[in-house]
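**Student:** Here it is: the structure, laid out below.
The values are calculated or read from the model by the stated rules, or taken from the named source; none is laboratory data. Model, not experiment: these values are computed from the prediction. Neighbour counts run over all protein chains shown; Cβ positions are idealised from the backbone, glycine included.
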Amino acid sequence: MIVRQFLQWIRHASAGERAEATSALARAYLHSDLSNDDLAAAEGAMIMLLDDPSPLVRGALAQVFASAQKAPPIIVHALASDQPDVALPLLSRSPLLSDEDLVDLFAASQTEAQIAIAGRPLLSRPLAAAIAEVGAADSCLALLENADADIPLFSIDRIVERFGHLSAIRENLVGRPDLPMATRQALLAKLSQTLAGFVTARQWLGPEHAEYAAREACEKATVALAAETPYDEIGDLMQHLRRSGQLTAGMILRGLLSGNVVLFEEALTELSGMPLERVTGYIHDKNISGFGALYAKAGLPDTAYPAFREAIAAMRDGILVGEPGGVSRLKRRMVERVLAACARERRDDMVSLLALLRRFAVEAAREEARLFCDDLVANDLADQADYTDHGQSDDAYAGYGDSHFAPDAYGYVDDGHFDDYEAARQPSSPMTAPYDDVRMVA
């Protein structure tokens, strides 16, 4: 009886009045003690209201049924396929929509509706994988920001592959404490590509120059990242680098000349397909012929072999003992020894290798100078604090003049590389400043 009167009344009511009455009818369906006949009549009336021309009426149904477990499934599914402002409440939280329903709805929805689905509580792995695969950038960001979402690692990798060039995606992922190092490196590579494209678009650098500088900066950052990688993740990082084409002879040589023997061993294991134990044995065996066979099996270029051979010999001679800076930066003494040994080869096919080693030498000298200056300033500050604590006057520093900073204090100013160092320290333009550490030698 009540439903019949409702149907007669809505024919002449305004859209706002129909929406209020529809909301009341939906609440009565959920919470009132109606007979089976009245429930059936109310459901029929609400199904009819799905065709109401006003979104206010359909939206009123969606708001009431959004979180209801007892809502009529037919009405929920119909409203979920409605225009976004009607469907959003249901897409964001309705318990009656299965993963299969949501995947279909997501594929056919606009970005606003996709964001609503991506923000659902307790979002499942299959749905997260679907969002990562076909979702727009905004919906993928909403997925990453959803603390309740169960996102598989391969889906995160897919998001990096599709949208790693976007700063909002990168910032969210970098802030995740559980992000594997291989994924972090993929973000690093995306950032490198983005910067290269940016400076090229602004015509600050030519395309080839920008790409080269970005690639070398990425290799430097990757070696630094590997230095912080837990031992059990190094293998995965090398596998990622190989699959993405980044596990090059230049990167491996940089790692070795930085003293990162673990990176070197894992890289050759990945490239050669041999067990880690055998690779380690060949590297540390005094008989260099075993390493030569391993090097050939890894598919590394023959022209770079003298550099690797000399680096291993330098390691065995203890050249890394007492070197500061960990394994994240090039070691100057080691680089210079390898450069000198390769220069003595006097082979025409080693021109590119020698150019690379010279860049490494300049970079290592700059890094060493920075460390020296940082230590010098730190010691001066400590001395000043010590004098202050003991009540000494500033006169105690009289005579502590410019001679304290004379070139011979560095210990390596006159060893034949100061000219390169000075050249590398020339002022940069604002366009090339981000690439100072990978300045190319013509």
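**Student:** Pick from segment 243-279 the residues that are in a helix (DSSP H, G or I) and small (Gly, Ala, Ser): which of them is farthest from the chain's Cα centre (by Cα)?
**Tutor:** Within segment 243-279, the match that is farthest from the chain's Cα centre (by Cα) is Ser272.
**Student:** I would also like to ask the following. So which of Ser139, Ser167 is surrounded by 21 or more Cβ atoms within 10 Å (Cβ to Cβ) and either under 24 Å from Leu225 (Cα atoms) or among the polar types (S, T, N, Q) (or both)?
**Tutor:** One residue alone meets the criteria, Ser139.
**Student:** Further, regarding this structure: If you go through segment 29-38 one residue at a time, do you hit one that is surrounded by 15 or more Cβ atoms within 10 Å (Cβ to Cβ), out of contact with any strand residue (DSSP E or B) (no Cβ under 6 Å at 6 or more places or on another chain) and farther than 25 Å from Ser98 by Cα?
**Tutor:** Within segment 29-38, one or more residues are surrounded by 15 or more Cβ atoms within 10 Å (Cβ to Cβ), out of contact with any strand residue (DSSP E or B) (no Cβ under 6 Å at 6 or more places or on another chain) and farther than 25 Å from Ser98 by Cα.
**Student:** Test each condition in (1) under 16 Å from the mean Cα position of the chain (by Cα); (2) surrounded by fewer than 17 Cβ atoms within 10 Å (Cβ to Cβ); (3) part of a helix (DSSP H, G or I) for Pro177 and report the one that comes out false.
**Tutor:** Condition (3) is where Pro177 drops out.
**Student:** Residue pairs, Cβ under 9 Å, 6 or more apart or interchain, first in segment 150-172 and more than 21 Å from Leu195 (Cα to Cα), second among the polar types (S, T, N, Q) and part of a loop (DSSP other than H, G, I, E, B). List them.
**Tutor:** Going by the 9 Å Cβ cut-off, the qualifying pairs are Asp150/Ser124.
**Student:** Got a sec? Which helices (runs of 4 or more DSSP H) wholly within segment 77-125 have at least 3 residues that are surrounded by fewer than 20 Cβ atoms within 10 Å (Cβ to Cβ)?
**Tutor:** 84-93, 99-108
**Student:** Restricting segment 225-279 to residues that are of a type in the set (S, T, N, Q) and buried (at least 17 other Cβ atoms within 10 Å of the Cβ), which is nearest to Glu211 (Cα to Cα)?
**Tutor:** Across segment 225-279, the extreme among qualifying residues is Gln246.
**Student:** Would you say Gln69 is loosely packed, with under 14 Cβ neighbours inside 10 Å, out of contact with any strand residue (DSSP E or B) (no Cβ under 7 Å at 6 or more places or on another chain) and under 26 Å from Ser109 (Cα atoms)?
**Tutor:** Yes, satisfied.
**Student:** With the condition kept exactly as written, say whether any residue in segment 290-302 is among the charged types (D, E, K, R) and over 22 Å from Ala186 (Cβ atoms).
**Tutor:** Among the residues of segment 290-302, at least one is among the charged types (D, E, K, R) and over 22 Å from Ala186 (Cβ atoms), which makes the answer yes.
Let's see how each residue does on (1) within 28 Å of Val261 (Cβ to Cβ); (2) more than 19 Å from the chain's Cα centre (by Cα); (3) assigned to a loop (DSSP other than H, G, I, E, B):
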{"residue": "Gln185", "(1), (2), (3)": "yes, no, no"}
{"residue": "Leu188", "(1), (2), (3)": "yes, no, no"}
{"residue": "Ser192", "(1), (2), (3)": "yes, no, no"}
{"residue": "Leu195", "(1), (2), (3)": "no, no, no"}
{"residue": "Leu205", "(1), (2), (3)": "no, yes, yes"}
{"residue": "Ile234", "(1), (2), (3)": "yes, no, no"}
{"residue": "Leu241", "(1), (2), (3)": "yes, no, no"}
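**Student:** To continue, here is another question. Pairs, please: C-beta under 7 Å, at least 6 apart or cross-chain, first residue on the phi < 0 side of the Ramachandran plot and among the hydrophobic types (A, V, I, L, M, F, W, C) and in segment 343-366, second in a helix (DSSP H, G or I) and at pLDDT below 90?
**Tutor:** Qualifying pairs under 7 Å: Ala361/Asp420; Val362/Asp420; Val362/Tyr421; Val362/Ala424; Ala365/Asp420; Ala365/Tyr421.
**Student:** Please go through segment 136-159 and pick out each residue that is under 17 Å from the mean Cα position of the chain (by Cα) and under 15 Å from Asp178 (Cα atoms).
**Tutor:** Listed by number, the residues that qualify are Leu144, Glu145, Ile151, Pro152, Leu153, Phe154, Ser155, Ile156, Asp157.
**Student:** Which members of segment 126-154 meet the condition of being closer than 16 Å to Leu91 by Cα, in contact with a helix residue (DSSP H, G or I) (Cβ under 7 Å, 6 or more places away or on another chain) and not in a helix (DSSP H, G or I)?
**Tutor:** Gly135, Asn146, Ala149
**Student:** Filter segment 332-368 for residues that are closer than 25 Å to Gly318 by Cβ and modelled with pLDDT under 90; which is nearest to the chain's Cα centre (by Cα)?
**Tutor:** Glu367
**Student:** Name every residue in segment 206-224 that is buried (at least 18 other Cβ atoms within 10 Å of the Cβ) and hydroxyl-bearing (Ser, Thr, Tyr), in order of residue number.
**Tutor:** Within segment 206-224, Thr222 is the sole residue that qualifies.
**Student:** Does Arg329 satisfy being modelled with pLDDT under 95 and buried (at least 22 other Cβ atoms within 10 Å of the Cβ)?
**Tutor:** yes
**Student:** Right, another one. Looking at segment 40-76, which of its residues are hydrophobic (A, V, I, L, M, F, W, C), within 42 Å of the chain's Cα centre (by Cα) and either over 21 Å from Ala113 (Cβ atoms) or assigned to a helix (DSSP H, G or I) (or both)?
**Tutor:** Correct list: Ala62, Val64, Phe65, Val76.
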